[in-house]
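The structure under discussion appears below in the form of structure tokens.
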């Protein structure tokens, strides 16, 4: 004999929260802004991804125009991201945001001082390789919102991206 409580629907609020990896993988699969931004990336573009709250290697890549976060080590990463749980939660909490708003949110987390909100970036490729792999197209997809935000931080004009990249190489 089974108890009626055993057959009752489970409260979704009591379900365990998805891991940072699972949440970000779902976000990439469902966000139209992520798909738009990924549309600029070439097949060879790849990012190593680490989470401060989960062990293991992960990689971001684009397959058939769709952004994917996969388990496993990146083969030839252009850069490496280390995401704190708060940064991952915040990004994933905005599935309807446009590319510009997500870009600004990403950059804000790069500048965060709170360790739970921080995204660390370690650059592995230079400007030419990043350009060839489509990353400048991702910035362009963010449009005036992203460029305006960068200008507000002192990154203005044609050298803004090169200046930002040189700062990342020093990190």
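Please treat every number below as a calculation from the coordinates, not as lab data. Remember, it's a predicted structure, so these values are computed and weren't measured experimentally. Counting neighbours? That spans all protein chains shown, and the Cβs are built from the backbone with ideal geometry, glycine included.
What does the C-alpha gyration tensor say about the overall shape of the stretch 18-170? Classify as rounded when a/c is under 1.5, otherwise prolate if a/b is larger than b/c, or oblate.
On the way: a/c = 1.32, a/b = 1.22, b/c = 1.08.
The shape class here is rounded.
Set the Förster radius R0 to 30 Å, insert the Cβ-Cβ distance between residue 132 and residue 36 as r into 1/(1 + (r/R0)^6), and round the FRET efficiency to 0.05.
Numbers: r = 20 Å, r/R0 = 0.67.
After rounding, the FRET efficiency stands at 0.90.
Need one number for the stretch 98-154: average projected area of the convex hull over its C-alpha atoms, nm².
Numbers: hull surface 18.1 nm².
About 4.5 nm², averaged over all directions.
Give me the one-decimal nm value for the distance between modelled label points at residue 53 and residue 153, 7 Å along each residue's Cα-to-Cβ direction.
About 2.3 nm separates the two model spin labels.
Please compute the contact order of the stretch 18-170 in relative form: average sequence separation of alpha-carbon pairs under 8 Å and at least six residues apart, divided by the residue count, as a percent. Before the final figure, lay out each step's value.
On the way: 264 pairs, mean separation 36.3, N = 153.
After rounding, I find 24 percent.
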